[in-house]
Each structure stands twice: as structure tokens, then as C-alpha cells.
Amino acid sequence: MARKGKVKIARPDWCKVCGICIEVCPVEVLELGNTRIQVAHLENCIGCENCELSCPDFVLKVVEDDE
Amino acid sequence: MDVNIDKYLRQDKMPHIWCPGCGHGTVLGSFVRAFDQSGLDQEKTVVISGIGCSGRASGYLNFDTLHVTHGRALTFATGVKMANPELNVIVMTGDGDGAAIGGNHLIHSSRRNIDITVVLFNNNIYGMTGGQFSPMTPTGDTATTSPYGNIDQNFDLCELAKSSGATFVGRGASYQPRKMIKLIKEGLLHKGFAFIETLTQCPVNYGKRNMIGGARDMLKWQDEHLVPDKKYEKMDPEEREGLISTGVLYQVSKEEYTDKYQQVINNVMAGESNE
Amino acid sequence: MSKAKTLLLQGDEAVVEGGMAAGADFFAGYPITPASEIAEGFAEQLPANGGKFIQMEDEIAGMGCIVGASLAGAKAITATSGPGFSLKQENLGFAIMVEAPCVVVNVQRVGPSTGLPTSPSQGDIMQAKWGTHGDHPIIALSPSSVSETFDLTVTAFNLAEKYRIPVILLLDEIVGHMREKITIPPADELEIVNRKKPKPEDKDNFYPYEETEDLIPPMPDYGTGFKYHSTGLFHDKTGFPRGKTEDAKKLMDRLMGKINNNLDDIIHLEDDLNGDEDVVVLAYGSTVRSAISAVNQVREEGIKAGWVKLKTIWPFADDYVRKLAEKVDRIIVPELNMGQLIGEVERVAAGKAEVTGINRYDGTLITPADVVAEIKGAL
Ligand SMILES: Cc1ncc(C[n+]2csc(CCOP(=O)(O)OP(=O)(O)O)c2C)c(N)n1
Ligand code: SF4
Ligand code: SF4
Ligand code: SF4
Ligand SMILES: [Mg+2]
């Protein structure tokens, strides 16, 4: 299902810093900031979409590299 | 994912009211993705929900939506579907809404096999009212109204729906959004009464009180306890202890209620014109 | 084309005939004496005319079901009696809040509880007004004969559609079960009102609960692309709750206003007064028959008496009764209850006329002789 692409914080304002995205990420990409999620290691992202599909708040989106 | 879910969400109502880490948002997300994949017509779809945190789901969805009284969503849905069988009718309900106060409607809607898809958000608790036990709170668990441990037995809702006559029964979980999307999509496309139980975490009023922990811990708990249905079927009873099966648990094809009623209309009207 | 037809019908059957004539195409309900004949009649007639009937698992479900059908575009009706009317109350309030037109028939029997299932009563007059929680508008009509049952069923649908409100039709066991000959007018002679719908081109700028000039927002059918939200929570014109107190007041004022601005259209009554009455009997439902018979009898003896028949119970005919109280000495209110509507008469008469009741609450009738005795005692 995964496409070529990497995670993007599409709607930062909707993040409730619950950490679910970090829980479901198979590698180390995301980190919790004080008020919202942050991408710490984009290079690690394999575009698996686990975070996008699990985030209860529609914050994350995997997009084409060049987007 | 290669879909635009934005058109199914009422963007101006977001962010939603659910607590940080609440699984209801993941179920909502799975629903819109499933709807997109189903190919059903958004303008011919009505979403009806009851009262509870889960009941708020309809307000975030860009369809004809109806937020009704506690437990009664299926009764309104039955009226909508009967009055206009061309509409896709979806009910979103909670474990209290759908299994306690609305339990009788679940039984009878299943029995009729009316073409309605139910997504029941099971968080094992009354979330909205602050953590009282529900018919889905496991025996022994703590809730605000079972401070000494819950002595009630909880339901197996999928078994209940199946034995009542539902022709599609499945269970999904917020830890498995991909499977849940597929399950909901199949339920939406099933002709007849489709009952989908989704396991969702309420960290605020259930997880923390029952030593499971916050949202992340609750998902870990799901990971340790969920078994695909195919595998579950092959396990012996001792092995199954404490585990929960997910997937399409039951599906048969049977004549649907509004079709049957249309047949009645056709017959009666033909009889009359022959007179 | 169509012709008038004469039928020998029970009141319950006249509800079915009236409903069909008004364009009813949906019934949902649960059987109960003395209202089951209404369900049975619709079960037979609706599918024969392309409509739908469904027997639900209880009266709560019946009420939810007709509101759902109404929102999908149907002209929907349910029928019940006391215990079932109690069960319907929460969803009745919901119908008021989302402004779903529908008709709820209550063939009253003696309560409380299971009470006297086969005996007449007018015990649910106040429940019709206040049965669901909170302040709210309601329309309730009560026929006194079989032919009036037909007429008022049509009126109930028309008012429901026009004002986007559930209308309660209060029969009592006598009217429900008595047989009378009635003449059903040809279809083209009946005035039928249908709800106002928005135009397809209004979709982009559509507010489902907008405060229109007449306070009655147009109502789209589900599935026509408006994609709107309705809720039992207080909401603004968009249909969504904002949790603001000013929205609550605004909505309540509009819901009440759409009824209170149209009392002349909604309040139906008949009277037989010569203008010089000392005493007037004000009745509704089956007791009207004894009231009229008693007044005719005492008039022959030279007593200056008259009668008023209320067909609309709620909203109450405040203005009419206020003026009546200024003209007459005494108003007698016969009721098959311990005195319910009499409280309204007393409130409005405000001491200008003496108000007395005749009350039966044991399942027996108020006879003309009872009314004659009260009239004479009143002089
Ligand atoms: C008739 C009625 N009884 C009680 C309530 C109070 N109430 C609101 S939500 C709720 C429980 C909801 O629990 P559930 O269906 O599990 O939804 P959740 O909040 O957990 O998603 C209750 C008891 C009500 N609104 N109406
Ligand atoms: S799952 Fe969503 S809401 Fe939660 S921390 Fe990650 S991005 Fe934020
Ligand atoms: S797309 Fe996969 S790898 Fe990338 S951040 Fe999300 S979960 Fe981690
Ligand atoms: S109380 Fe529980 S169910 Fe309700 S929003 Fe919060 S986490 Fe979700
Ligand atoms: Mg719950």
C-alpha cells in the first residue's frame, strides 16, 4: 500500500500530542514537541503511512517526495 | 494514502472535540477512507449517530447527518431507509448507545436485515458521561459506577448481531486501521444489515482507571490481544482465552428488508389493478 | 374525476382514511388498544398506494422511525395510546427540535400506567402539552366525531407540513371506536399542504435552520445534495451547536414564534352562541356530544345557554376564551379527567366568569343529564 513518499505535517494545528504516530512508526522519524508533533528524522521515513492512518486527528499525510 | 478524504470531513468543525489519543478519531478516519474506496455517492448517503463521544462523529462528516437521542439512531435510520431505499444509511453509535439503551433496536434491526451499516465505537465505557461502566466493560474492571469492580458480564456484540439476523458481522480495531478500512468498506458494500464493532481506546475514562495506561499503552494492549479471525477459528478454547478476533466474522447473502417490502407493494398494487 | 364517497367507519378507521387523503405515505408504530386499528388500517392501505408501513419493536422506535422517514421526505404518522404515548415523549421533543413534520395519534385510555385499557379518557391533555421535557411549542387537535376525525387528520398533516412541527391528534376511546357514517370529499376538493423545500440552486448558500421571515426554514429531503446537519442540541442557523446561550434563546424564540404568530390559522373551534348566554359549556372530544345535547335541552326550557367546541387543544384558544369570559357568567368544562384543560380556562378567565368542571375519571362517560344538572346548578 505504501507509495513512494514521506510524512508531512499537513495540519499542525490539529495535533493533540498524543504520541500514537510515534507508537505505530516502524522507524524513528517523529518526536513530540510541546504543543505539536515534529519531524526529527525525515531521512528515516519509509512512507509506510502507519502514522497517517492511525493519527486520530488527521494531522499527518504521506506525500510524494517532490511535493 | 492516495485519496482525498478532505471532502468527506467538515473541515470547519475541526479539530474535533475528542481527547488527545482517543481512538474515535482513528475510527472516523478509517470510515472516510473506507467510504472513499467504496465508490458510494456522498450525496445519497445519510449518517445518523446517537449520544456519547462517539455520537459526535456525524457532525464531522460531510453528508446528510442526524445526531439523534441516546440509543435510538437505528430507529431513525430505519425510517430513512424505508422511506427512501436508494439512500446509503450509516449509523455511528457507542457501546453504551448501541448495546445498552439501544440494544433492543440493534437486535431488531439485525432481525429485519435492513440495509444499514452500523459502526459501533466500543471503548468499553461510557466516555462522555465520565466513565461509568457499559455493557461492554469487562467483568472485574473498575468504572466510576463500579468502584469495587464490575460484577456484570459483558456482551459479545458480534455474536449478538449474528444470532439476531445480521448478514454481515465484523470487528476492527484502532490499532489496525488498514484492516478496519477494508472491513468498513466491505460492510458499506454489503447489501443487508452490516454490523461492525470497532475497538477504540478511551485513555481518559477507561485506560488510566484500569491500569492499562494512556493511548499508546492501550494500543500495545490491542497488539497483544488481537488475533485475525482465520487464526482464531483454528485455536482451541484455552488458547483463545483473553484474545479477541478481528476481521469479517460472518457474512451471508439474504433477501433485504426494503426489497422485500417493495415486493409486497408490487404484489398488492398488481392485485388491485387486476380487479 | 374523483367523487365523494360515503362510508360507515370507526374513528380509528377515519384516521387512516384522513391520513391517506392527506397524502400520508409512511406509518411506523407498535400495537396497543385502543389504537391498533389505526396501524392495521395503514398496514393494508399504504402498500396498496405505494406507501410504507413498518411495525417497530416499541413505541420509542416508532417515533424515531417516523422522524427519520419525515427527514427523508415522507409524510409520516404513528398511532398509540397512553403507555405508548409516554414512551414516545423523548423523540417527540427531538422532532420539535429538528422541526420534522409528522403526526402522532393518541387514542386516550384511562391512566396512569396500564390503567383501564378499553375505557375512554381525556387524561393526556397536559401530557400532550408538557410530556416531553423543556419548554417547547406543540399543536394538539381533538375530534368529537368520526367525520371530524377524518377532517382533523387532514388538518394535522397540513399543519405539520406548514409549520414543520409534530402535530398530536388526541382521540378518546369513544371517538376511536364509535361507528358513524361519514362522507369523504373528493380528493380535488381537499386542501393539502406540503412542506416548503429549498431550490436546488440554493445549495451553496443554504442554512437549514435559518430565521426566515415566516420563521419556518425550507426543508430539503435527504439525498438531494444539501448535506446538512440536524441535532437535538441547541443549534444556530447552520444546524450545528455552538454552545452559546444566545443561540438557545434565538432558537426557542423562533420555534415558539412560528406557532404563536399564526394562532388564527392553527386554532380551530366551533360555537353555538346567541350572545346573551348566562352559561356556556366548553368541551372537546367525545364530551362535546353531551354538551350539545344538554344545551339544546335546557334552551327549550328557556335557559340562556350555549356551547363551544374546541378542536385545537394546543395552543390554547386564549383570546377567544378571554372574550367569552367577559360576556358570560359561567363556563362549564366537562372533562374525562380530574380537571386538566379547566386550568387553562381559569387562567384565561382570570375571575371574569365563574368556571366549574364536570369530571369523570373512572372510564365512564359524562352524560347529557350530567351536563344539564351542572347547568341548572349553575343558575
Ligand atoms: C436518555 C438518556 N439517558 C442518559 C443520557 C446520558 N448519556 C449521554 S452519553 C451516555 C453514554 C455514552 O456512552 P457510549 O455510548 O459508550 O459512548 P462514548 O461516549 O463512550 O463514545 C449517557 C449515559 C442521555 N443523553 N440520554
Ligand atoms: S498521532 Fe496525530 S495527534 Fe497524536 S501526536 Fe501524532 S500527529 Fe499529533
Ligand atoms: S510514514 Fe511510516 S515511517 Fe514515515 S513517519 Fe509515518 S509511520 Fe513513520
Ligand atoms: S472521554 Fe474517552 S471516548 Fe470521550 S473523547 Fe475522551 S477519550 Fe474519547
Ligand atoms: Mg463507550
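Scanning region B:1-16 for residues that are part of a loop (DSSP other than H, G, I, E, B), facing chain A (nearest Cβ under 8 Å) and modelled with pLDDT of 95 or more gives B:MET14, B:PRO15, B:HIS16.
Considering B:ILE184, B:ILE151, which residue is free of Cβ contacts under 8 Å to residues at least 60 places away in the same chain and either β-branched (Val, Ile, Thr) or in a strand (DSSP E or B) (or both)? Among B:ILE184, B:ILE151, only B:ILE151 is free of Cβ contacts under 8 Å to residues at least 60 places away in the same chain and either β-branched (Val, Ile, Thr) or in a strand (DSSP E or B) (or both).
Here B:ARG72, B:ARG33, B:ARG10, B:ARG56 are screened, and the one residue that is farther than 25 Å from A:ALA10 by Cα, of a type in the set (Lys, Arg) and touching a residue at least 12 places away in the same chain (Cβ under 8 Å) is B:ARG72.
Within the set C:ASP236, C:ASP214, the sole residue that is in a loop (DSSP other than H, G, I, E, B), charged (D, E, K, R) and within 24 Å of the chain's Cα centre (by Cα) turns out to be C:ASP214. Consider region B:123-146 and keep the residues that are of a type in the set (Ser, Thr, Tyr) and over 20 Å from the mean Cα position of the chain (by Cα). The one that is surrounded by the fewest Cβ atoms within 10 Å (Cβ to Cβ) is B:THR139. Scan region B:46-72 for residues that are within 12 Å of the chain's Cα centre (by Cα) and at the interface with another protein chain (Cβ under 8 Å from one of its Cβ atoms) and the total you get is 1. If you go through region B:147-162 and keep only what is under 12 Å from B:ASN210 (Cα atoms) and surrounded by 14 or more Cβ atoms within 10 Å (Cβ to Cβ), you end up with just B:ASN150.
Could you list, in sequence order, all residues of region B:17-30 that are facing chain A (nearest Cβ under 7 Å) and not in a helix (DSSP H, G or I)? Answer for region B:17-30, where residues must be facing chain A (nearest Cβ under 7 Å) and not in a helix (DSSP H, G or I): B:TRP18, B:PRO20, B:GLY21, B:CYS22, B:GLY23. Could you check, for region B:130-152, whether at least one of its residues is within 16 Å of ligand 5 (Cβ to nearest atom) and within 14 Å of chain C (Cβ to nearest Cβ)? Checked against the condition, which is being within 16 Å of ligand 5 (Cβ to nearest atom) and within 14 Å of chain C (Cβ to nearest Cβ), region B:130-152 yields no hits at all. Exactly one residue among C:PHE53, C:PHE42, C:PHE26 is among the aromatic types (Phe, Trp, Tyr), at the interface with another protein chain (Cβ under 9 Å from one of its Cβ atoms) and crowded, with 24+ Cβ neighbours inside 10 Å, and that residue is C:PHE26. Hey, among the residues in region B:31-40 that are more than 10 Å from every other protein chain (Cβ to nearest Cβ) and within 25 Å of C:LEU233 (Cβ to Cβ), which one's nearest to ligand 3 (Cβ to nearest atom)? If we take residues in region B:31-40 being more than 10 Å from every other protein chain (Cβ to nearest Cβ) and within 25 Å of C:LEU233 (Cβ to Cβ), then B:PHE31 is nearest to ligand 3 (Cβ to nearest atom).
Among residues of region B:197-210 being assigned to a helix (DSSP H, G or I) and more than 14 Å from every other protein chain (Cβ to nearest Cβ), the one that is farthest from B:ASN122 (Cα to Cα) is B:ASN205.
Close contacts from region C:273-301, counting a first residue that is in a loop (DSSP other than H, G, I, E, B) and a second that is of a type in the set (Asp, Glu), with Cβ to Cβ under 6 Å and a gap of 6+ residues or different chains, come to C:ASP278/C:ASP329; C:GLY285/C:ASP172; C:SER286/C:ASP172. Taken over region A:1-47, the criterion of being among the β-branched types (Val, Ile, Thr) and either more than 10 Å from every other protein chain (Cβ to nearest Cβ) or touching a Lys or Arg at 6+ places or on another chain (Cβ under 8 Å) (or both) is satisfied by A:VAL7, A:ILE9, A:VAL17, A:ILE20, A:ILE22, A:VAL27, A:VAL29, A:THR35, A:ILE37, A:VAL39, A:ILE46. I'd like the residue in region B:110-121 that is more than 12 Å from B:ALA100 (Cβ to Cβ) and within 16 Å of ligand 4 (Cβ to nearest atom) and, out of all such residues, is nearest to the other protein chains (Cβ to nearest Cβ). The extreme case among them is B:PHE121. Within region C:239-273, the set of residues being more than 26 Å from the chain's Cα centre (by Cα), among the acidic types (Asp, Glu) and surrounded by 14 or more Cβ atoms within 10 Å (Cβ to Cβ) comprises C:ASP247 only. Considering only residues in region B:211-246 that are surrounded by fewer than 20 Cβ atoms within 10 Å (Cβ to Cβ) and touching a residue at least 60 places away in the same chain (Cβ under 8 Å), the one that is nearest to the other protein chains (Cβ to nearest Cβ) turns out to be B:ARG216. The residues of region B:64-86 that are within 21 Å of C:ALA95 (Cβ to Cβ) and surrounded by fewer than 24 Cβ atoms within 10 Å (Cβ to Cβ), listed by number, are B:HIS70, B:ASN84.
Starting from residues that are in contact with a Phe, Trp or Tyr (Cβ under 9 Å, 6 or more places away or on another chain) and at positive phi, keep the ones in region B:102-132 and report whichever is farthest from ligand 3 (Cβ to nearest atom). By that ranking, first place goes to B:ASN113. Going through (1) part of a loop (DSSP other than H, G, I, E, B); (2) within 7 Å of another protein chain (Cβ to nearest Cβ); (3) surrounded by fewer than 24 Cβ atoms within 10 Å (Cβ to Cβ); (4) not aromatic (Phe, Trp, Tyr) one by one, B:ASN104 falls short only on (1). Please work out which one of (1) farther than 20 Å from A:LYS16 by Cα; (2) more than 7 Å from every other protein chain (Cβ to nearest Cβ) is the condition B:GLU43 fails and give its number. So B:GLU43 meets the others, but not (2). Can you confirm whether B:ARG178 is within 16 Å of ligand 3 (Cβ to nearest atom), out of contact with any His (no Cβ under 8 Å at 6 or more places or on another chain) and free of Cβ contacts under 8 Å to residues at least 40 places away in the same chain? So B:ARG178 passes the test. Suppose the filter is under 23 Å from C:ILE77 (Cα atoms), away from chain A (no Cβ under 11 Å) and without any contact (Cβ under 8 Å) to a residue 12 or more places away in the chain; does B:ALA77 pass it? Here the answer is no, as B:ALA77 does not meet what is asked.
The values are calculated or read from the model by the stated rules, or taken from the named source; none is laboratory data. Computed from a prediction, not measured in an experiment: that's the story for all the values here. When we count neighbours, we look across all protein chains shown, and the Cβ atoms used for this are built from the backbone with ideal geometry, even at glycine.
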